[in-house]
Amino acid sequence: MIPSTSTAGPLAVRRWGAGEPVVLLHPLATSGELWTPLAEALADEFQVFAFDLRGHGESSWDGKPFSIADLADDLGAALDALGLETVSLLGLSMGGSVGVNFAGRFPARVRSLVLADTTAYYGDDAPQVWAERAEKAVSVPRSKQVAFQLDRWFSPEFREANPNEADRIVKIFLRTNSEAHAAASIAMGEMDSRSLLPSVTASTLVLVGEHDYATPPEMAAALADGIPGADLEVQTGLRHMSLIERPALAERVRAHLKTGTTGTETA
C-alpha cells in the first residue's frame, strides 16, 4: 500500500510490476482490490497501480459530498505524490467516468485511455434516478443489495460457471462504506462530462458489454463519437463488468497500452 494525498485525506494504492505506469480505476462501491487478476496479467510488462477512490476500500473520506471532478483531482494529487507526470488510464464504470474527467481536463497527463462500460453522462433524469439509488445504498442492508448488483455486473452464464469470482466481487461490495456508496451515487447522477470529450488527446479504446444495461452500448458509442479518434468495441454476451467477466480482454488492453492502435473486431 502506498499512501498518497487527496483533499479528503490519504488514498490507498496497490502496485504491481515494473515498467510504464498504468492506473486502474474501479467501479462504484468496490475498490482497487477488484483489479487483482487484470493487474497481475499486465504486471509482466507494466507498473500497475490500482487506487481506492475516495471513501472506498482503504481510502479515507471526510464525509462531505464530492463530485466526479473531485475524484479526478484526487487522482492528480495521488499521481503527483507518486512522481508520475504521465500515465495510461483504464477505468470501469465509475472509474471510467473519473478517467474521462481527468483525461479531458489534463490531457497532457494521459498517454492512452481504456474506458470500459462507462459514460460521461447518464441522462436528464440521472439526478433523480441516482438519488434514489443513493437512498437505497444506506437504507437497504448491503447483503440485500447483492442480487440487484450481480444481475447488472455479470451474465447468468458467468455467475453459474464462475461462482468464486462472482463471490470475490460481492465480498468487496459488502465491505464498502454505505455512506460513501451513497455519496458517490449522487456524484454519478450530477455528472455531465460531455463537454470534456473533445479535449481528450489520449489514444482511446472504448469497451462495452453487449448486454450491459447499466451503461449500455449507446452510451459507449457516445463516448467514442465524442473523443477524437476513439475506437469502440462491443463485447458479445457480456454485461457491465466486461473486463472481469472476460479475463482474455487483458490481452486486448495490453495491445492498446503498448501500441495505441485499435482493432475493429468484437470479441
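The values are calculated or read from the model by the stated rules, or taken from the named source; none is laboratory data. If you're wondering where the values come from, they're calculated on a predicted model, not measured in any experiment. Virtual Cβ from ideal backbone geometry, glycine too; neighbours counted across all protein chains shown.
Here are the numbers:
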read-out: Filter result for A183 (at pLDDT 95 or above, loosely packed, with under 15 Cβ neighbours inside 10 Å and either closer than 20 Å to G57 by Cα or of a type in the set (A, V, I, L, M) (or both)); value: no
read-out: Considering residues of the stretch 91-113 that are hydroxyl-bearing (S, T, Y) and closer than 19 Å to A180 by Cβ only, the residue nearest to the chain's Cα centre (by Cα); value: S93
read-out: Exclusive hit being in contact (Cβ under 8 Å) with a residue 24 or more places away in the chain, more than 22 Å from V129 (Cβ to Cβ) and in contact with a His (Cβ under 6 Å, 6 or more places away or on another chain), set L238, L205; value: L205
read-out: Pairs, first closer than 9 Å to G55 by Cα in the stretch 165-183, second crowded, with 17+ Cβ neighbours inside 10 Å and among the acidic types (D, E), C-beta under 6 Å, six or more apart; value: none
read-out: Residue ranges of strands (runs of 3 or more DSSP E) in the stretch 1-82 with at least 3 members modelled with pLDDT under 95; value: 4-6, 9-11
read-out: Of residues in the stretch 107-155 being part of a strand (DSSP E or B) and touching a His at 6+ places or on another chain (Cβ under 8 Å), the one surrounded by the fewest Cβ atoms within 10 Å (Cβ to Cβ); value: S112
read-out: Flag if A72 is touching a helix residue (DSSP H, G or I) at 6+ places or on another chain (Cβ under 8 Å), within 23 Å of M241 (Cβ to Cβ) and without any contact (Cβ under 8 Å) to a residue 40 or more places away in the chain; value: yes
read-out: Index of the failed condition, D192 passing every other in (1) within 30 Å of D62 (Cβ to Cβ); (2) out of contact with any His (no Cβ under 8 Å at 6 or more places or on another chain); (3) crowded, with 19+ Cβ neighbours inside 10 Å; value: (3)
read-out: Extreme residue, farthest from A230 (Cα to Cα), among residues of the stretch 60-90 that are hydroxyl-bearing (S, T, Y) and more than 16 Å from the chain's Cα centre (by Cα); value: S60
